[in-house]
1. Would you check if there is a residue in segment 64-73 being surrounded by fewer than 16 Cβ atoms within 10 Å (Cβ to Cβ), more than 19 Å from D102 (Cα to Cα) and either of a type in the set (S, T, Y) or modelled with pLDDT under 75 (or both)?
2. Which condition number does L80 fail, the rest of (1) out of contact with any helix residue (DSSP H, G or I) (no Cβ under 6 Å at 6 or more places or on another chain); (2) in contact (Cβ under 8 Å) with a residue 40 or more places away in the chain being met?
3. If you go through segment 96-123 one residue at a time, how many are assigned to a loop (DSSP other than H, G, I, E, B), out of contact with any strand residue (DSSP E or B) (no Cβ under 6 Å at 6 or more places or on another chain) and not charged (D, E, K, R)?
4. Tell me the residue from V49, V5, V15, V9 that is in contact with a strand residue (DSSP E or B) (Cβ under 9 Å, 6 or more places away or on another chain), of a type in the set (V, I, T), surrounded by fewer than 18 Cβ atoms within 10 Å (Cβ to Cβ) and at pLDDT below 65, please.
5. So, in segment 136-155, of the ones that are crowded, with 20+ Cβ neighbours inside 10 Å and not β-branched (V, I, T), which residue ends up nearest to G33 (Cα to Cα)?
6. Based on what the data block shows, is T74 of a type in the set (S, T, Y) and under 14 Å from D58 (Cα atoms)?
7. For the subset of segment 83-124 comprising residues that are free of Cβ contacts under 8 Å to residues at least 60 places away in the same chain and β-branched (V, I, T), which member is surrounded by the fewest Cβ atoms within 10 Å (Cβ to Cβ)?
8. Of the conditions (1) touching a strand residue (DSSP E or B) at 6+ places or on another chain (Cβ under 8 Å); (2) more than 15 Å from Y122 (Cβ to Cβ); (3) assigned to a loop (DSSP other than H, G, I, E, B), T81 fails just one. Which one is it?
Amino acid sequence: MKRFVVTVVLAVLAVQAFAGIPDVEPQNNTLAGAAPALNNPVPWADVGVLRLTPNDSDFIKIWLSAGNYISVMTYPMDSLTDPDTVIALFDGVNSTALVYNDDAGSGYGSAIRWQAASSAWYYLAITGYHGSTGRDQIAYYEGATHSEDGKYMLTVGVVPEPASLLTLGAGVVGLIGLRRRKK
């Protein structure tokens, strides 16, 4: 019985990792052609190696439930500086990004962290740096004119809002307490 409880708890707490963020060219160069949707049970994380070519952008469609936190990071893989990425998150309704980033810290990768206010499909947009003006606009990504070329690593993680984690944790503690009480 103890093994069963431990197995169930570990399964519930485990982060699902699928290691398969797609790079579907040339369809995923616009919001309308976003790469196949990621709609995994929360919490989950995924990693992919994608490639930017000159004037290329990568759009990825992701389902977020209200309260979910999303963390996204890109890392250049061909060198410390190539490609220099810019990343944004759009809601599919507005042309202004909910959040965007260029040069996380002092590097050439990018990073965002954001909490969804409502349950909906959201769109990650990644492109090469081509000026600091308009990085919060969809046109910057759909009409990209850059010379960045190279592979980059994309990591995406989605976790539930803290209250859900607290409830889950309280349930696990309760199960442990019941088990000890029976002994």
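The values are calculated or read from the model by the stated rules, or taken from the named source; none is laboratory data. Every value quoted in this text rests on a predicted model; they were computed, and no experiment measured them. Reconstructed Cβ throughout: ideal geometry from the backbone, glycine too, with neighbour counts over all protein chains shown.
1. Within segment 64-73, one or more residues are surrounded by fewer than 16 Cβ atoms within 10 Å (Cβ to Cβ), more than 19 Å from D102 (Cα to Cα) and either of a type in the set (S, T, Y) or modelled with pLDDT under 75 (or both).
2. That leaves (2) as the condition not met.
3. Matching residues across segment 96-123 total 6.
4. It is V15.
5. Within segment 136-155, the match that is nearest to G33 (Cα to Cα) is Y141.
6. Answer is yes for this residue.
7. V93
8. All conditions pass for T81, except number (1).
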